[in-house]
Amino acid sequence: MSDEDDLFLQEMQGVKRLKTPEKVTLRKDTPQGNVAVRRNNAVVEQANTDPNHLRASEVPRVGPHDVLGFKRPGIQDGVYRKLRLGKYETEARLDLHRRTIEEARREVYRFVRDCMEADLRSVLIMPGKGDRNIKDPGVLKSYLVFWLEELEQVQAFHTAQPHHGGTGAFYVLLRKSERKKQQAREQFSKGRI
């Protein structure tokens, strides 16, 4: 042995080997409050980036064969009756068959926005009845009914007549654009002057 080895052994005298366990236990050092803050920030961030406010969480369920309708205050009974009877010309259609809830959520929001930009007033949305899903019937139909009430652009809706899809489709009446309102004012004021 060399002098260096002797010196090393002297220095290491009394040193004990560290015991290392064979398994390492992992801990989450993140307190629950921190998780809640991160979740909240994620929701806020998503809300800031996604203008679509339609809810994707659980909604009240409706039956696959339920006849449903809704109208906002201020919608005349005659206008609603005409909608309910399918007397308005369908200016656009949206078929949601075989879509997931998230796909349908995006499609409905985009469709209504596009219809408003194009000055369309009367549209048909077809979620289907959902009666083939025995475990959870009418899922997409339930979401659509909830979403339509959430959208301020939707003035009224009603289950379609049988020849337009029956309980698997909805007539939807959208709010008039400012341009359409002005046209109506001009049209009805011509004979009054």
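Restricting to helices (runs of 4 or more DSSP H) lying wholly in the range 25-143: which have 2 or more residues that are modelled with pLDDT under 95, small (Gly, Ala, Ser) and out of contact with any strand residue (DSSP E or B) (no Cβ under 7 Å at 6 or more places or on another chain)?
In the range 25-143, 32-49 are the helices (runs of 4 or more DSSP H) which contain 2 or more residues that are modelled with pLDDT under 95, small (Gly, Ala, Ser) and out of contact with any strand residue (DSSP E or B) (no Cβ under 7 Å at 6 or more places or on another chain).
Select from the range 107-127 the residues that are closer than 20 Å to Gln182 by Cα and either surrounded by fewer than 16 Cβ atoms within 10 Å (Cβ to Cβ) or not hydrophobic (A, V, I, L, M, F, W, C) (or both) and list them in ascending order. Write out each step before concluding.
Taking the range 107-127 as the starting set, the residues that turn out to be closer than 20 Å to Gln182 by Cα are 115-122.
Hits for the range 107-127 are Glu117, Ala118, Asp119, Arg121, Ser122.
Which is surrounded by 15 or more Cβ atoms within 10 Å (Cβ to Cβ) and not in a helix (DSSP H, G or I), of Leu173, Leu148?
Leu173
Report yes if Val67 is open to solvent by 80 Å² or more (accessible area, probe 1.4 Å), of a type in the set (A, V, I, L, M, F, W, C) and touching a helix residue (DSSP H, G or I) at 6+ places or on another chain (Cβ under 7 Å), otherwise no.
In short, yes.
Given (1) crowded, with 19+ Cβ neighbours inside 10 Å; (2) of a type in the set (Val, Ile, Thr); (3) free of Cβ contacts under 8 Å to residues at least 24 places away in the same chain, identify the lone condition not met by Ile134.
Just one mismatch for Ile134, condition (1).
So for the range 69-87 (the condition being under 14 Å from the mean Cα position of the chain (by Cα) and either β-branched (Val, Ile, Thr) or farther than 17 Å from His164 by Cβ (or both)), does at least one residue qualify? Give the steps one after another, and end with the answer.
Initial filter on the range 69-87 (under 14 Å from the mean Cα position of the chain (by Cα)): none.
The answer is no; no qualifying residue exists.
Any residue in the range 151-161 that is open to solvent by less than 40 Å² (accessible area, probe 1.4 Å) and at positive phi?
Checked against the condition, which is being open to solvent by less than 40 Å² (accessible area, probe 1.4 Å) and at positive phi, the range 151-161 yields no hits at all.
The values are calculated or read from the model by the stated rules, or taken from the named source; none is laboratory data. The shown structure was predicted, so the numbers you read here are calculated from the model rather than taken from an experiment. All Cβ positions, even for glycine, are placed from backbone atoms using ideal geometry, and neighbour counts span all protein chains on display. Calculation scope for accessible area: heavy atoms of the full protein, side chains included, ligands and nucleic acids excluded. Shrake-Rupley method; radii C 1.70, N 1.55, O 1.52, S 1.80 Å.
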